[in-house]
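Worksheet: one structure, shown below.
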Amino acid sequence: VFKVQANQIKAEIQPTMWGIFFEDINMGADGGIYAELVKNRSFEFYTPLMGWTVSGKSVKEGDVLVLNRKEINTANPRYIQVNVNNADKGSISLTNEGFRGMGIKKGLRYDFSVMYRQKTAHLKLHLELVNPKGEIIGTGLLIPTETGSDWHKQAVSFNATATEQKAKLNIWFEGNGMIDLDMISLFPEDTWKRRPGGMRADMIQLLADMKPGFIRFPGGCIVEGRDLANRYQWKKTIGPIEQRQLIMNRWNTEFANKQTPDYFQTFGLGFFEYFQLAEDIGAEPLPILNAGMACQFNSAEVVALDELDPYVQDALDLIEFANGGVNTRWGKVRADMGHPKPFNLKMMGVGNENWGPQYLERLRIFTKAIKAKYPNIKLVNSSGTDPNGDRFDYLNTALRKMNADLIDEHYYRRPEWFLENANRYDNYPRNGSKIFAGEYAAQSDKTVSVNNKNNWKTAMSEAAFMTGLERNADVVSMASYAPLFAHVDGWQWTPDLIWVDNLRSYGTTDYQVQKLFSTNKGTQEVPILLDNKAVEGKDGFYACAALDKATNEIILKVVNTSAKAQNADFVIDGAKLKAKANITVLTNENLEQVNSFDNPSAVSPKIQEVDLRNQKLQFELKPYSLNVIRIKKA
Ligand code: AHR
């Protein structure tokens, strides 16, 4: 018998309890949610023509040169110059391969744009989308006007005639003359909220459906960078896109398995867009900033303490960018980008997986400066968990002594660890610093193994663990699975919450668990016992119970990790109940079961209604199941 004590409030559940962690890993941003289809649009990748091929180039037909103007334009130094010698359409062209091809949809409008300059106007640009067989599936024509020595932007739109996962874009030059080109771009019209130059709507919809309490961005290791020169600097990610200075992505694996040597951060998706996304999906923004330390897995580079000021200033300026009035320097930048209203930033992270004493030294300086100017901004401090010992005890003790607002712990472990640690916070100090379970995912094989799968076993073990997080809502304020997205043709890390190809996306088993917790959060935690004892692990059960003030319901989450169906009685003390319960069940008898593009709903929730008898609910919990029970109070 499960007994819920509905009149004994244990803790307030923070609105931020379940959120999402976004990082540009696995082609999450470029080639992922950022809907740009042209790879290396500004010729700034490692080699300038990466992603491009030039055909028909000869002295006779014409010539393509890469020019560098870095003395006058440090953010976007390179552009190309095309010389065309009396060419017919079909003799000289540039082809862009897209990010593992371009996903094109039949009937949809595509918006092509380019920045250019030319002294005389004698050229035509014929645009063609082609499938891998070379068949044309969309055409457009752009006739550039004369510009003198100034750069102009011109756009043309056209519709696709077929659907294709792996299309390419050809630009054929016709005429006689010379033209400079930069920022060659192609976007679909069906972006999220139909914003020009926006995000891929199907991927964002999956996030919106989770109703996340917060969104953490931009990572992860990319906050740190392989070295400090390649760290994430938010100021370089805002303003006109042609002025955003790209860098090599920390997850560019030229030096590892060579899968993604073309992985760069173009920052078409930058901090303004992240804040806007948070607002769109009703999530609190949680930016994480570099603490003056590069990625601990790549280098031991840290900035000298007497050179930390610009890093701290970036943090202070970010708060002004997000919250400042339009008359402030950075508030005005936000307003000029189209958002005069503040974004209402309430929290910020300093450092990601920075652990050593050098972190504490730097963190103290950040904290002092930020709290002095913005005492209400909550700060997330980075910590860790050690599977084999207490490597992080000293750090957690130090952070707690510093009165850290939130301590960010990460767990990438085997499913068994998640089950064994469902009681991790039961005996945690109740006062002082709160916990942000900032990155976690059960590993079906081992951490960062390419064999990791998002199967029902991993998801179910996370569900059991998450009941432990929610039961301790007075200590745990926030939690997020990581990483969030992965592209099937360009990933570096498994498992991941959502998988995509160029046209499709699906939520994994783990996604279904996250979504169920997040959309059934409740507002106050109350005790739940099994046969008058703590539930954790007893007969394979894990459970938590909450009240929802908004809907006047009791919400139970019960995980049956055993291989057998189990009958259970639920008695709710201290509340009068309506006669029906609504039960959502996520289950599969096969722990290896995964969702996939072909079968995205293999593990997906089923809803049923069950009658209560004499205020008591009785029902059979399926083997290997997560059950979310909602009962209205009378
Ligand atoms: O989520 C993948 C990586 O795991 C993150 O970038 C990093 O914070 C952690 O090591």
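Bear in mind that the values in this text are calculations on the coordinates, not laboratory data. Computed from a predicted structure; not experimentally measured. Note that each Cβ is placed from the backbone with ideal geometry, even for glycine, and that neighbours are counted across all protein chains shown.
Cross-link pairs exceeding 30 Å between alpha carbons, from the set 332/378; 193/557; 211/580: 193/557. Listed cross-link partners 457/515; 515/616; 236/346 are compared with a 25 Å cut-off, the Cα-Cα value being larger for 515/616.
Could you let me know the centre-to-centre spacing of segment 540-579 and segment 259-327, using Cα atoms, in angstrom? Cα centroid of segment 540-579 versus Cα centroid of segment 259-327: 41 Å apart. Descending by average beta-carbon neighbour count within 10 Å, the peptides 419-427, 65-73 line up as 419-427, 65-73, the highest first. Using the average count of surrounding beta-carbon atoms within 10 Å as a protection proxy, the listed peptides 35-41, 603-609 rank, highest first, as 35-41, 603-609. When the Cα positions of 31, 76, 21 are compared along the charge dipole of segment 1-88, 21 comes out farthest toward the positive end, with charges on each C-beta of Lys, Arg, Asp and Glu. Among the listed pairs 105/166; 538/622; 371/401; 39/70; 434/632; 60/89, those whose Cα-Cα separation exceeds 19 Å are 39/70; 434/632. Taken as Cα centroids, segment 154-178 and segment 41-113 sit 11 Å apart, rounded to the nearest whole angstrom. Taking the Cα centre of the chain as origin and assigning +1 to Lys and Arg Cβ atoms and -1 to Asp and Glu Cβ atoms, the resulting dipole is close to 1320 debye. Can you tell me the relative contact order of the chain? Whole percent, Cα pairs under 8 Å, sequence separation 6 or more. It rounds to 16 percent for the chain. Protection proxy ranking for 102-112, 279-289, using the average of other Cβ atoms within 10 Å per residue and placing the highest first: 279-289, 102-112. Dipole magnitude for segment 52-188: computed about the Cα centre from +1 point charges on Lys and Arg Cβ and -1 point charges on Asp and Glu Cβ, it is near 320 debye.
In loop segments of segment 153-237 as defined by DSSP, there are no trypsin sites (Lys or Arg not before Pro) with at most 14 further C-beta atoms inside 10 Å of their C-beta.
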